[in-house]
Every structure is written in structure tokens, then in C-alpha cells.
Amino acid sequence: MGIGDNFASWLCTHPEICEISRHLVNESFAEYGAVSSRISKINADGSLTFIAEFGHSEVLLDKTFSAEEWHTWRGDAAKLALGIESGHWDPERKLVVTVLIDYGTVHGFVVVDFKERVEDPAKVLQQLRSLSYPLSLYLVGERIIGGRIKESVAPVSQTLINVEDGEQIRKQLSDRQVKVLLSVSKGMTNNEIAKQLGYSVSTIRHDVMHLFRVLRISARHEAGKIASDLGII
């Protein structure tokens, strides 16, 4: 049984979310010298909440940061998560980041720190990715966020939204995000949208992620029809 299978089996015991962070350090990556880890969740409004941590001296657990705030962070983990730096490792190979994905949309991050430089970063990243899949399903399926029940992500079969919801959904979008939505509905890529609107690709990427969550879609081609039906564009 591989590390991913073992982890999935362990999740069936319904551990608390902070216990998962501890498990990553003391069990899953102990042999590589892991010393700390954090798990964060991207909320419907684009803000970021730290839902688990273990081994860190600075406590960020349960703290929420607005999209505008965390998008400006300059630490290694933030650079990797925002796509500013290529790859998933910091330059010293002592910090690794992977994403939590549901229905094709990033809804959180897992960061693991190591005491010493990791000699086989590809193997560790592969193992972390194998754990991120069942963890994503666990967090969404069980709706366990820091021990509190939160709103779950709607499945693709429930992506249709009533027209009367249009006004409420529009309030969750900035003027820029509406422009991004219009561009996405025209089939434009993130790079093309960034160049057209004058923003970074990472900013456009996070706007698109926000649109996916708000509109409850799983593919770019769905954006135009649903937005049109709702009267947003």
C-alpha cells in the first residue's frame, strides 16, 4: 500500500484538521526531516484562511486574510502558491507547496517545511501530491474546516443557478472580475486577458478561480452561458 493509500485510509478515522497537519510532519514526511506544515483554504470571496498548522512559532491558525492582502505576500510559500516562481519548491529546497483542487478549481494549499535541504525533491513533491488528492476530497466531502461545518463546494451536477440569484452573485464580483468573466466567455486565455486588462497573470488566474467558485462551474466554457443567463454580462 502506497503513502497515498495509507493516508486515505487514515483519513477514514475522521481526524481533526490540525491532526492532519501534525501527521504530515511526524508521519508522512518525517524521514525527510519535516519540521512544520500549514493547510490553508481559499474562501468564496477570495480570502485565505489558515485551517491547520503544526510546528510553527508564529500562530496563524484560524486567521483570515483578504485576497488583496495575501496576493501581495512575498514569502517563498506565497510566491510558489501565486505562481510567481516556477515549480513547487523554494530555492533552498527546504519548503514545498502543493494545491488542493476540487472540480478543477484550487481551493487551498498545503505547505511543508524541512529542517535541511531535501536531496530528492521530486520524490517528496510526488508524495505530497498523492496526499493532496484524498485531502482535497476529505475537506470538501466532510466539510470539516477547523472543526466547524462550512458551506461545501457544489458538485458539477448542481452548477445551474436561478436567474434571481444573478444580483446577489454580481455583488460578489469586482468590476475587474466582471471584465475577466466577459473575456473568459469569449474564449480568451489568462495570458491574453492579463495583457488586455494590464494585470499580472497570477492576478487574472485568481480572478478566474473566484469566478469558478461563485458561478459554481468547473470549466471555462460554462462561464459565458451561466453569466449570460444570470444577466451579469
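The table below gives the values:
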| quantity | calculated |
| --- | --- |
| Cβ-Cβ under 8 Å pairs, at least 6 apart or on other chains, segment 88-107 side more than 19 Å from Arg220 (Cα to Cα), far side among the polar types (S, T, N, Q) and part of a strand (DSSP E or B) | His88/Thr98 |
| Hey, Val99 surrounded by 15 or more Cβ atoms within 10 Å (Cβ to Cβ), of a type in the set (A, V, I, L, M) and closer than 14 Å to Leu135 by Cβ or not | yes |
| Failed item, numbered, when Ser132 is tested on (1) of a type in the set (Ser, Thr, Tyr); (2) buried (at least 17 other Cβ atoms within 10 Å of the Cβ); (3) more than 21 Å from Ile3 (Cα to Cα) | (3) |
| Selection within segment 73-113 - within 16 Å of the chain's Cα centre (by Cα) and hydroxyl-bearing (Ser, Thr, Tyr) | Thr98, Tyr103, Thr105 |
| Residue selected from segment 135-149 under the condition over 30 Å from Tyr199 (Cα atoms) and surrounded by 16 or more Cβ atoms within 10 Å (Cβ to Cβ), by the criterion modelled with the highest pLDDT | Leu135 |
| Residue that is nearest to Phe65 (Cα to Cα), among those in segment 2-48 that are over 21 Å from the mean Cα position of the chain (by Cα) and β-branched (Val, Ile, Thr) | Val35 |
| Test result for Lys63, surrounded by fewer than 17 Cβ atoms within 10 Å (Cβ to Cβ) and either closer than 25 Å to Met209 by Cα or at pLDDT below 90 (or both) | yes |
| Residue check for Gly108: touching a Leu at 6+ places or on another chain (Cβ under 9 Å), buried (at least 16 other Cβ atoms within 10 Å of the Cβ) and of a type outside the set (A, V, I, L, M) | yes |
| Flag if Val35 is more than 14 Å from Leu128 (Cβ to Cβ) and either modelled with pLDDT under 90 or outside the structural domain of Lys171 (by TED's automatic domain parsing) (or both) | yes |
| Output for segment 49-62, where each listed residue is within 16 Å of the chain's Cα centre (by Cα) and without any contact (Cβ under 8 Å) to a residue 24 or more places away in the chain | Phe50 |
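The values are calculated or read from the model by the stated rules, or taken from the named source; none is laboratory data. Treat the numbers as computed from the prediction; the structure is a model and nothing was measured. Neighbour counts run over all protein chains shown; Cβ positions are idealised from the backbone, glycine included.
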